[in-house]
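Following: one structure in structure tokens, then a few remarks.
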Protein chains: 2
Amino acid sequence: MRIGDIAEQTGVSTRALRYYEEQGLLSAERTARGQRVYEEPAIERVQLIQQLFAAGLASRTIVELLPCVDTGEASEEALALLRRERDRITESMAELEKARAQLDRVIEISLHPTPEHCPALRTETALRPA
Amino acid sequence: MRIGDIAEQTGVSTRALRYYEEQGLLSAERTARGQRVYEEPAIERVQLIQQLFAAGLASRTIVELLPCVDTGEASEEALALLRRERDRITESMAELEKARAQLDRVIEISLHPTPEHCPALRTETALRPA
DNA sequence: CCTCACGTTGACGTCAAGGGCAAGTCTGCC
DNA sequence: GGCAGACTTGCCCTTGACGTCAACGTGAGG
């Protein structure tokens with residue numbers, strides 16, 4: 001498969017794919033004339049990379065973790081990195097949940113306007129009658 | 001309170017606070033000579049802004065939502081925006097969860113190496129005996 | 001009055017993940 | 001063998017949330 005095929009099947013631009021290669025995230029064989037040739041596992045690989053990007057991992061972090069994903073082995077160092085990133089993700093999820101709760105509260109209030117929280121709704125005071 | 005106090009109490013840099021003002025996220029009175037003066041609610045406000053940033057909202061989006069947060073009222077448009085962002089956050093959380101699961105899997109495997117998944121662990125095939 | 005930390009604006013730098021363009025090359029198909 | 005479309009590298013551009021530096025004003029204590 002050539003780069004355009006991978007782009008089509010993953011929804012990732014060819015520019016991005018070349019960028020991944022540049023960053024050491026994705027490797028490809030080459031034809032005699034220099035064109036990139038991919039095997040099917042590349043699709044899965046690209047999707048994994050996208051997921052990790054979406055989770056806020058930096059390319060430099062991903063490049064350190066991919067070998068572990070491939071071999072199933074992780075040095076102490078790599079293991080620590082894995083755990084740090086996992087914990088960071090967990091924290092991010094908590095942050096997202098809090099932010100979503102804030103938005104939900106505003107949505108609720110704007111849908112059911114009651115005198116108490118009309119003027120200035122504060123997280124704490126809005127719940128008390130005072 | 002002056003800008004340094006807010007910075008200290010929120011952990012947000014003075015540069016960031018001025019940026020927030022520039023973006024219309026945070027307002028401040030001024031002394032006769034032009035120095036910013038904040039009231040205490042500014043602290044809460046800054047923390048809210050940080051939360052929304054952490055949730056991936058852009059400053060332009062936040063600037064549209066803050067009035068709703070203050071008044072508890074939202075136009076149809078604002079309400080739609082609120083819902084879009086809430087849904088986006090929900091999606092992000094799902095993405096994070098998937099990525100975390102991937103990392104957890106790598107951690108598990110590297111901790112309990114077994115022959116099956118040593119060579120190349122694939123999401124699907126790793127579960128089947130092959 | 002001096003000092004010195006703190007404040008001001010303005011402008012430019014950074015960093016990451018690509019976008020986009022140019023100029024040239026390759027491939028597949030008629 | 002010719003053409004269109006896909007591919008190559010190289011390079012600069014973009015966006016957002018600030019960092020950083022410069023050059024200068026402010027204000028409270030000694």
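Points to keep in mind about this one:
- Test for A:Ala16: is it more than 9 Å from DNA strand D (Cβ to nearest atom), within 14 Å of chain B (Cβ to nearest Cβ) and open to solvent by less than 30 Å² (accessible area, probe 1.4 Å): no
- Matching residues in segment A:55-77 - criterion: being open to solvent by less than 50 Å² (accessible area, probe 1.4 Å), of a type in the set (Val, Ile, Thr) and modelled with pLDDT under 95: A:Val69
- Of the residues making up segment B:70-88, those that are of a type outside the set (Gly, Ala, Ser) and within 8 Å of chain A (Cβ to nearest Cβ) are B:Asp70, B:Thr71, B:Glu73, B:Leu79, B:Leu82, B:Arg83, B:Glu85, B:Arg86.
- Meets criteria (among the hydrophobic types (A, V, I, L, M, F, W, C), surrounded by fewer than 14 Cβ atoms within 10 Å (Cβ to Cβ) and over 16 Å from the mean Cα position of the chain (by Cα)) for A:Ala80: yes
- In segment B:1-42, the residues that are β-branched (Val, Ile, Thr) and under 17 Å from the mean Cα position of the chain (by Cα): B:Thr10, B:Val12
- Leading residue by the ranking (farthest from the chain's Cα centre (by Cα)) among those in segment A:94-113 that are more than 9 Å from every other protein chain (Cβ to nearest Cβ) and small (Gly, Ala, Ser): A:Ala101
- Filter result for A:Ala101 (under 30 Å from B:His112 (Cα atoms) and open to solvent by less than 80 Å² (accessible area, probe 1.4 Å)): no
- Sole residue being more than 8 Å from chain B (Cβ to nearest Cβ), surrounded by fewer than 14 Cβ atoms within 10 Å (Cβ to Cβ), away from DNA strand D (no atom under 14 Å from the Cβ) and not in a helix (DSSP H, G or I), chosen from A:Glu39, A:Glu91: A:Glu39
- Residue match in segment A:43-62 (condition: aliphatic (A, V, I, L, M) and away from DNA strand C (no atom under 14 Å from the Cβ)): yes
- Cβ-Cβ under 6 Å pairs, at least 6 apart or on other chains, segment B:1-13 side in contact (Cβ under 8 Å) with a residue 12 or more places away in the chain and more than 14 Å from chain A (Cβ to nearest Cβ), far side more than 12 Å from DNA strand D (Cβ to nearest atom) and of a type outside the set (A, V, I, L, M): B:Met1/B:Tyr38; B:Ile6/B:Tyr38
- Subset of segment B:20-36 (residues that are surrounded by fewer than 20 Cβ atoms within 10 Å (Cβ to Cβ), near DNA strand D (Cβ under 9 Å from one of its atoms) and under 28 Å from B:Thr90 (Cα atoms)): B:Gln23
- Single condition B:Tyr19 does not satisfy, out of (1) in contact with a helix residue (DSSP H, G or I) (Cβ under 6 Å, 6 or more places away or on another chain); (2) over 30 Å from A:Pro113 (Cα atoms); (3) not in a loop (DSSP other than H, G, I, E, B): (1)
- Pick from segment A:52-69, criterion closer than 30 Å to B:Leu52 by Cβ and assigned to a helix (DSSP H, G or I), ranking: farthest from the other protein chains (Cβ to nearest Cβ): A:Arg60
- Considered as a group, the residues in segment B:18-42 that are within 11 Å of DNA strand C (Cβ to nearest atom) and touching a Ser or Thr at 6+ places or on another chain (Cβ under 8 Å) include one that is nearest to B:Asp70 (Cα to Cα), and that residue is B:Glu21.
The values are calculated or read from the model by the stated rules, or taken from the named source; none is laboratory data. Predicted model only: the values in this text are computed from it and were never measured. Heads up, the Cβs are rebuilt from the backbone with ideal geometry, glycines too, and the neighbour counts pull from every protein chain shown. Please note that ligands, DNA and RNA were not included when accessible areas were found on the heavy atoms of the full protein model with its side chains. Shrake-Rupley method; radii C 1.70, N 1.55, O 1.52, S 1.80 Å.
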